[in-house]
Amino acid sequence: MAIYLCHTEPDLYVHDAEVVDVRPGAVALSRSAFHPGGGGQVSDAGTIEWQGGAVDVSHVEVDGGTWWHVLTDPSAAPSGQVEVRIDADHRLRVASLHTMSHVLNALVFDEFAGALVTGAQINGDGTGRMDFDLPEVDNDRVRALEGPLNEVIRREVDVHATYVPVADATPESGLMRSMSVAPPPTPDGTFRVIDVEGVDRQACGGTHLANTGQSLSIRIRKVENKGRHNRRVRFEFAE
């Protein structure tokens, strides 16, 4: 996992760049504060402006080491020096849901004897879902976690990103909570860890809030049985 520009400068929403490559309907840039998505999180959205016009970026597709910024208008042809604008509202929605999914993960982990995540999806429309390895569990107990989840928002808990050596990310550390995916280490052999102070601490490469109080309230909309072991928890903003 590279250390993205959006990791090192999370408040950078506007910056200059150069178009370094093109393909039909997409461009690659010399630098980009877009988050490319991954691990169930959708990528950032935004706009590229250049001397000849402006075009929206719907998402980012990663091909090896190249980030293709996919344009909503395939006929647009950004070139030369451009101005990149990240959609701040989209980033906030996704970061809010992602941070609160970590909190939900922690609540489930504590309530149900270390139950692990089996899948997740964080969308740009204010909805998300998490799947947990929870055989023979009363779904009402899962729904009851909505209260503690929103209490963490009301408490305005600080959220920090740190980096730890790979050797410290043992199963006993609790830094890896997913049965299906794990973020790859950085080139210097560390994991990026998101710390929701006193609530949750786990490796993650996504975008997150600086404080849980930045999130709207969360509603657990539905808990579904998906097979013998999985429980799918669908959640969304309540406001």
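Conditions (1) touching a strand residue (DSSP E or B) at 6+ places or on another chain (Cβ under 6 Å); (2) closer than 23 Å to Gly39 by Cβ; (3) of a type outside the set (Lys, Arg), marked per residue:
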residue: His102; (1), (2), (3): yes, yes, yes
residue: Val108; (1), (2), (3): yes, yes, yes
residue: Phe112; (1), (2), (3): no, yes, yes
residue: Gly128; (1), (2), (3): yes, yes, yes
residue: Asp138; (1), (2), (3): no, no, yes
residue: Leu145; (1), (2), (3): no, yes, yes
residue: Arg155; (1), (2), (3): no, no, no
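Check the stretch 92-104 and report whether any residue there is assigned to a helix (DSSP H, G or I), of a type in the set (A, V, I, L, M, F, W, C) and either in contact with a His (Cβ under 6 Å, 6 or more places away or on another chain) or without any contact (Cβ under 8 Å) to a residue 12 or more places away in the chain (or both).
Pass one, the stretch 92-104, residues assigned to a helix (DSSP H, G or I): 92-104.
Narrowing the set further to residues that are of a type in the set (A, V, I, L, M, F, W, C) leaves 92, 94-95, 97, 100, 103-104.
Among the residues that remain, those that are also either in contact with a His (Cβ under 6 Å, 6 or more places away or on another chain) or without any contact (Cβ under 8 Å) to a residue 12 or more places away in the chain (or both) are: 95.
Yes, the conditions are met somewhere in the stretch 92-104.
If you go through the stretch 10-29 one residue at a time, do you hit one that is surrounded by 20 or more Cβ atoms within 10 Å (Cβ to Cβ), within 22 Å of Asn211 (Cβ to Cβ) and under 14 Å from the mean Cα position of the chain (by Cα)?
Within the stretch 10-29, not a single residue is surrounded by 20 or more Cβ atoms within 10 Å (Cβ to Cβ), within 22 Å of Asn211 (Cβ to Cβ) and under 14 Å from the mean Cα position of the chain (by Cα).
Tell me, which strands (runs of 3 or more DSSP E) wholly within the stretch 52-91 include 1 or more residues that are under 17 Å from the mean Cα position of the chain (by Cα) and surrounded by fewer than 18 Cβ atoms within 10 Å (Cβ to Cβ)?
Numbers: elements: 53-63, 66-71, 81-86.
Passing ranges, in order: 53-63.
Taking Thr99 and the conditions (1) among the β-branched types (Val, Ile, Thr); (2) surrounded by fewer than 21 Cβ atoms within 10 Å (Cβ to Cβ); (3) under 15 Å from Gly206 (Cα atoms); (4) at pLDDT 95 or above, which numbered condition does it fall short on, given that it satisfies the others?
(2)
The values are calculated or read from the model by the stated rules, or taken from the named source; none is laboratory data. Please read these numbers as outputs of a predicted model, since none were measured by experiment. Cβ coordinates were reconstructed from backbone atoms using ideal geometry, including for glycine residues, and neighbour counts include every protein chain displayed.
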